[in-house]
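The values are calculated or read from the model by the stated rules, or taken from the named source; none is laboratory data. Note that this is a predicted model, so its numbers are computed, not measured. Backbone-built Cβ (ideal geometry, glycine too); neighbour counts: all protein chains shown.
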Amino acid sequence: MALALIILAAGKGTRMNSDLPKVLHRLAGVPLLAHAVGLGRAVDADKIVAVAGYGADLVRDEAEKLGEGVEIVLQDQQLGTGHAAGCAAQLLADFDGDAIVLLGDNPFIRPETIAEVLAARARGADVVVVGFEASNPAKYGRLIRSDTGALKAIVEAKDANAAERAVSLCNSGIICAKSSLLFDLIGEIGNDNASGEYYLTDVVGLANARGLTAGVVICDEDETIGVDSREGLARAERMFQDRARAQALENGVTLSAPETVFFALDTMIGRDVIIGANVVFGPGVTVENGAEIRAFCHLEGCHISQGALIGPFARLRPGAEISADAHIGNFVEVKNSTVERGAKVNHLSYIGDADIGAAANIGAGTITCNYDGVMKHRTKIGAGAFVGSNTALVAPVSVGAGAMTGSGSVITQDVPEDALALSRVAQVNRLGFAAKFMARLRAVKAQKDSLKDKG
Ligand code: UD1
Ligand code: MG
């Protein structure tokens, strides 16, 4: 059966105390919206629709970055979750399949839970809700079941009587039904309740009133954690990192100080990778088996191949492609560049928009001058080249295979293969000059000091 995911993301998230819509706050290096969209992709949703309201333009921009197939619908006024989900009705009018509603601020829902929801639908439940046993049910909607376990209604905390409030099985916010039925039921929702809102949760009671059945899939409370405040965001980050670290260790990654290593949602690390203390992974990093990342590195949008050695104190930025057995050392920044097999950039360098050939050696302090103030240009360095320390490579420029540059050179013209390029003032040795010069300076100082003593 085809599947549509509807992500509710129109709320401002007042308690975030932010100009940014809540779903654009970052968790594990990516916006909350990306977590929800990632879930949609993980369950192979045929359509992913986000309902945007507050900061809708920003949400739309972010959705575009998340790739194909994320559609945005607008909810002008935030009249409640039922009204929000209803905003997707037109877009999904001809959709023949199930629709699942997900709250955009719930980043930890697992694909397995969605699979259970779909299995419950396949077993015949017309509406399926994901519930959890709440340690503190206070603010959640309560799942009211019959003696046989069938779900009869969801009662919001504000509307619940004492008996209903005593129920600890709560609504996670995920509801699934056949798309056409869901929108049909949403059309019947009113707002005569304690909040004056259109509650999506009313679809359960409305389905029962039609003689349809509703079921519950129960998941762990941790999975349903939502982000409502900065404190909640920080807590969610801690939870994510704890799990990512545990997962990395289980996958055969050595972390010498796990609590100081930070992963992103999509970080991919192979077996027998060694990661030192205080390493931060931004989005889009892949590290292949057996590479080593030493302490205090910051990596994003890069690929590190087998046996490469990174850091300590290295920064790899988007488009850094580090091949097998290459070395990137301390205080080296690499951006949008390939460093081929066995090449070494070991100390204090900036390598931007460059291609560095296999086994080339880039001396300490080498800088690619890739930016002319308006445009970026590439530097090409051939295999086995030896770039002397403190060379400035003014791009566009190339250094041929096996060529050398003298230390301190400013290279503005291409260097042919196997050549030595020198561009610096020739050295002159003046014999005895230093000794004479120092003697003169000392004499001047002695005279000044004696005048001061007398004065
Ligand atoms: C909702 C559920 C509650 C459940 C809880 C789980 C309803 C009526 N209640 O309550 O049963 O236990 O989530 O966390 O559904 N949103 C919109 N447009 C709106 C209103 C909300 O897009 O008009 C979005 C918000 O941005 C948010 C999500 O829907 O991401 C949930 O809204 P929220 O107001 O937090 O619902 P709760 O009161 O927490
Ligand atoms: Mg909420």
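Summary of values
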| item | result |
| --- | --- |
| In the stretch 130-177, residue modelled with the lowest pLDDT [restricted to those that are of a type in the set (Asp, Glu) and surrounded by fewer than 18 Cβ atoms within 10 Å (Cβ to Cβ)] | Asp147 |
| Meets criteria (farther than 26 Å from Arg245 by Cβ, more than 15 Å from ligand 2 (Cβ to nearest atom), touching a helix residue (DSSP H, G or I) at 6+ places or on another chain (Cβ under 9 Å) and touching a residue at least 40 places away in the same chain (Cβ under 8 Å)) for Leu20 | no |
| Any pair with Cβ under 9 angstrom, 6 or more apart, that starts in the stretch 91-119 at a residue that is more than 15 Å from Asp44 (Cα to Cα) and of a type in the set (D, E, K, R) and ends at one that is assigned to a helix (DSSP H, G or I) and within 16 Å of ligand 2 (Cβ to nearest atom) | Asp105/Lys22; Asp105/Val23; Asp105/Leu32; Asp105/Ala36; Asp105/Gly232 |
| Meets criteria (under 17 Å from Ala308 (Cα atoms), modelled with pLDDT of 95 or more and not polar (S, T, N, Q)) for Ile411 | no |
| Subset tally (residues that are within 16 Å of ligand 2 (Cβ to nearest atom) and out of contact with any Lys or Arg (no Cβ under 8 Å at 6 or more places or on another chain)) for the stretch 157-189 | 6 |
| Positions within the stretch 144-156 being in a strand (DSSP E or B) and near ligand 1 (Cβ under 9 Å from one of its atoms), in sequence order | Ile154, Val155 |
| Gly104 within 15 Å of ligand 2 (Cβ to nearest atom), surrounded by 23 or more Cβ atoms within 10 Å (Cβ to Cβ) and more than 28 Å from the chain's Cα centre (by Cα) | no |
| Only one of Ile225, Ile218 that is within 30 Å of Arg15 (Cα to Cα), within 16 Å of ligand 1 (Cβ to nearest atom) and modelled with pLDDT under 95 | Ile225 |
| From the options Thr201, Thr213, residue that is under 22 Å from Phe132 (Cα atoms), polar (S, T, N, Q) and within 16 Å of ligand 2 (Cβ to nearest atom) | Thr201 |
| Restricting the stretch 217-251 to residues that are touching a helix residue (DSSP H, G or I) at 6+ places or on another chain (Cβ under 6 Å) and outside any loop (DSSP other than H, G, I, E, B), the residue that is surrounded by the most Cβ atoms within 10 Å (Cβ to Cβ) | Val217 |
| Strands (runs of 3 or more DSSP E) lying entirely in the stretch 292-333 (those with 2 or more residues that are surrounded by fewer than 24 Cβ atoms within 10 Å (Cβ to Cβ)) | 327-330 |
| For Arg41: the one exception among (1) away from ligand 1 (no atom under 12 Å from the Cβ); (2) touching a residue at least 60 places away in the same chain (Cβ under 8 Å); (3) under 19 Å from Leu92 (Cα atoms) | (2) |
| Matching residues in the stretch 175-188 - criterion: being β-branched (Val, Ile, Thr) and more than 9 Å from ligand 1 (Cβ to nearest atom) | Ile186 |
| Residue in the stretch 196-217 that is more than 24 Å from Val127 (Cβ to Cβ) and touching a residue at least 12 places away in the same chain (Cβ under 8 Å) present | no |
